[in-house]
1. Can you name every residue in segment 263-285 that is under 24 Å from GLY200 (Cβ atoms) and not in a loop (DSSP other than H, G, I, E, B)?
2. Within segment 37-47, is even one residue within 29 Å of SER287 (Cα to Cα) and either touching a His at 6+ places or on another chain (Cβ under 6 Å) or among the charged types (D, E, K, R) (or both)?
3. When residues of segment 32-67 are filtered for being part of a strand (DSSP E or B) and either surrounded by 16 or more Cβ atoms within 10 Å (Cβ to Cβ) or not assigned by TED's automatic domain parsing to the domain that holds PRO14 (or both), how many remain?
4. Could you grab me the full set of residues in segment 30-60 that are among the small types (Gly, Ala, Ser), touching a residue at least 12 places away in the same chain (Cβ under 8 Å) and more than 12 Å from MET19 (Cβ to Cβ)?
5. Is there any pair linking a residue in segment 1-16 that is loosely packed, with under 12 Cβ neighbours inside 10 Å to one that is of a type in the set (Gly, Ala, Ser), with Cβ under 8 Å and at least six apart or on different chains, and which?
6. Do you know which residues across segment 183-225 are over 28 Å from the mean Cα position of the chain (by Cα), free of Cβ contacts under 8 Å to residues at least 40 places away in the same chain and closer than 26 Å to PRO281 by Cβ?
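The values are calculated or read from the model by the stated rules, or taken from the named source; none is laboratory data. This is a predicted model, so every value here is computed, not measured. All Cβ positions, even for glycine, are placed from backbone atoms using ideal geometry, and neighbour counts span all protein chains on display.
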Amino acid sequence: MAQLDWYIRANLKPRHLQMLVSLDDFRNVGKVAASLNVSQPAVSKALAELERGLGLSLFERSARGVNPTAYGECMIRHARSVLGDLAQARDELRDLMQGASGKAAVGALPAAAPALLPRAVALLKQRAPGTTIFIREGTMDTLLPELRAGKLDLIVGTLPHNGAGRDLEEKILFEERTTVVAGRSHPLAKLRKLKWPELGNYPWVLPPAGSLLRDPLEDAFQRNGVPIPNNSIESLSVHVIVMYLQISNALACLSREVARHYEELGLIAILPLELPKLVRPVGMTWSRARALSPSATLMMQCLEETAQPRKSQAPARATA
């Protein structure tokens, strides 16, 4: 144990970390050598020295290449994290040299992208004009790996029902109802009252299978005796949904915050149907293992302040 502690503290170098990540990516010493612009014997020698210094076998060799052991998987995971932190430090230093006061990278889920996040960013830019904000919109499946790799500081949007993972921290900003929406000229948009059976007469834009809203929405259809629509497309893209509703008689579900934004723009109509079971928490997710930069911390504060009026207006969470 003493040798392991000494080696990690005194002899582990960034080139070792780069080699570990490349070995995991390529699983082939020759390809790793080409990617790092060194000879194949040099990679084999460096790996042998690393394993000898740690006193652990990190990879299993075979005729097809190399595969990480449990020790190797542990080292690779932390190597990615350290390299991500170093890249973040490089970017922050570069921004400071160019006159910027900091940088924050935010992953945005559909529930946050159209309204909450832009307002929070505008608030941040009022307080720190030199701060650079990088925003990547996507699903939780695509954004979580980037958060864990250190490419994102936090994710904003609908929180998973069972949590994102023990290595992550979450905070609810407000709870958002889900609404049924249609194009402005849709026949149902003229009604003052709407019943569930009427929803089955039209095509739908459904959330993809496995997404956060899909299972609750299917449960709502079943509870109200309406078959899952066969005439449907699947998308989480708010832009695609809004445009499709304008040129078709399709229906869709959007969070109330997003739906109100596009209704105010005159693009869609919110239908008069309550969905009390589809209340979803909107919040922030970040890594427990990585210290947040001052810019990321300021971004979180601005998100909380922007969400405060919505939190006070949000309904109590409905039970299943």
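1. The answer is GLU263, ILE268, ALA269, ILE270, VAL279, ARG280.
2. No, segment 37-47 has no match at all.
3. 3
4. Scanning segment 30-60 gives GLY53, GLY55, SER57.
5. GLN3/GLY53; GLN3/GLY55
6. GLN222, ASN224, listed by residue number.
Each row is one residue, and each column tells you yes or no for (1) outside the structural domain of PRO160 (by TED's automatic domain parsing); (2) under 22 Å from the mean Cα position of the chain (by Cα); (3) crowded, with 19+ Cβ neighbours inside 10 Å.
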residue	(1), (2), (3)
SER235	yes, yes, no
ILE241	yes, yes, yes
LEU251	yes, no, yes
PRO272	yes, no, no
THR285	no, yes, yes
ARG288	no, yes, no
MET299	no, yes, yes
